[in-house]
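Inspection log for the structure reproduced underneath, given as structure tokens.
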Amino acid sequence: MKIFLDTANLESIKMYNDMGLLDGITTNPSLLSKEGGDPHKTMEEIVQIIKGDVSLEVVATDYDGMIEEGRRLHKYGENVVVKCPMTAEGLKACKTLTAEGIPVNITLVFSPNQAILAAKAGAKYVSPFIGRLDDIGEDGMNLIKQIKQIFSNYNFGTQILVASIRHPIHIVDAATIGADVVTLPPAVLAKMLKHQLTDIGLKNFLADWEKLRVEDPNIRI
Ligand code: E4P
């Protein structure tokens with residue numbers, strides 16, 4: 001399973017990239033807006049830092065506008081994946097950009113039928129937003145199960161990118177189902193690496209070490 005970071009925050013991106021954890025990045029206009037500054041510069045910098053796929057979203061809603069923006073975004077780097085919304089115009093733009101060799105991530109997917117259409121239009125990634133479904137009382141993870149089953153039935157090449165993740169259990173469930181990618185807010189990735197027993201265990205190991213007497217006090221171990 002690939003791990004993407006769902007953010008436009010350069011500090012978090014650098015930090016987790018230095019740990020070797022990141023296979024890619026997803027951004028959206030809201031995430032860029034949260035960081036402020038010039039979004040073009042931020043997007044360009046992200047693409048330079050990350051070797052894997054970086055999803056950058058169009059803001060046009062018509063076909064011509066999405067094509068123009070998609071082509072421009074892809075000039076930032078070969079690893080740019082153009083994020084188009086799950087609309088009729090978005091699917092048409094997906095087909096054209098894909099044919100030009102520009103990969104597309106279809107975003108704002110909330111049903112299995114939408115996922116089927118995104119795959120048929122040639123999307124590299126389909127992004128079901130599970131947290132937002134949970135928020136309205138639906139079962140977001142069930143959507144991932146359904147899409148996984150459907151894509152396996154027909155050997156669709158489109159990758160399932162689980163988005164709108166809210167907590168670490170979502171990641172375990174997505175991995176158990178066999179989703180291709182999870183995109184995580186930095187706060188969720190931080191929780192993923194922590195366990196209280198790790199902290200207690202480390203504290204005790206160090207305390208026990210301090211009880212020992214070493215011959216050369218200049219060498220700790
Ligand atoms: C994915 O590509 C989206 O940027 C993101 O996961 C949306 O998450 P949210 O529902 O927390 O805004």
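Each reported figure results from applying straightforward, stated rules to the coordinates on display, with no laboratory input. These numbers come from a predicted model, not from an experiment. Every residue, glycine among them, receives a Cβ derived from its backbone with ideal geometry; neighbour counts consider all protein chains shown.
Label-to-label distance, Ser33 versus Leu212, with points set 7 angstrom from Cα along the beta-carbon direction: 5.6 nm. Listed by chain and number, the lysines whose alpha-carbon sits under 20 Å from that of Lys14, ignoring those within fewer than 8 places in the same chain, are Lys2, Lys34, Lys41, Lys51, Lys191, Lys194. Entry note, the chain: the mean residue ellipticity at 222 nm calculated from DSSP H runs of n ≥ 4, each adding -39500 (n - 2.57), is -15000 deg cm²/dmol after division by the residues and rounding to the nearest 500. Could you pull out every whole DSSP H run in the chain that spans at least 18 Å of Cα extent along its own axis and averages -0.5 or higher on the Kyte-Doolittle scale? Both cut-offs are met by 140-153, 196-210. Each Lys and Arg Cβ is given +1 and each Asp and Glu Cβ -1; about its Cα centre, region 98-193 then shows a dipole of about 120 debye. If you plug the beta carbon distance of Asp134 and Ala99 into 1/(1 + (r/R0)^6) with R0 = 30 Å, you get a FRET efficiency near 0.25. Size descriptor for the chain, Kirkwood hydrodynamic radius: 18.8 Å (Cα pairs only, one decimal).
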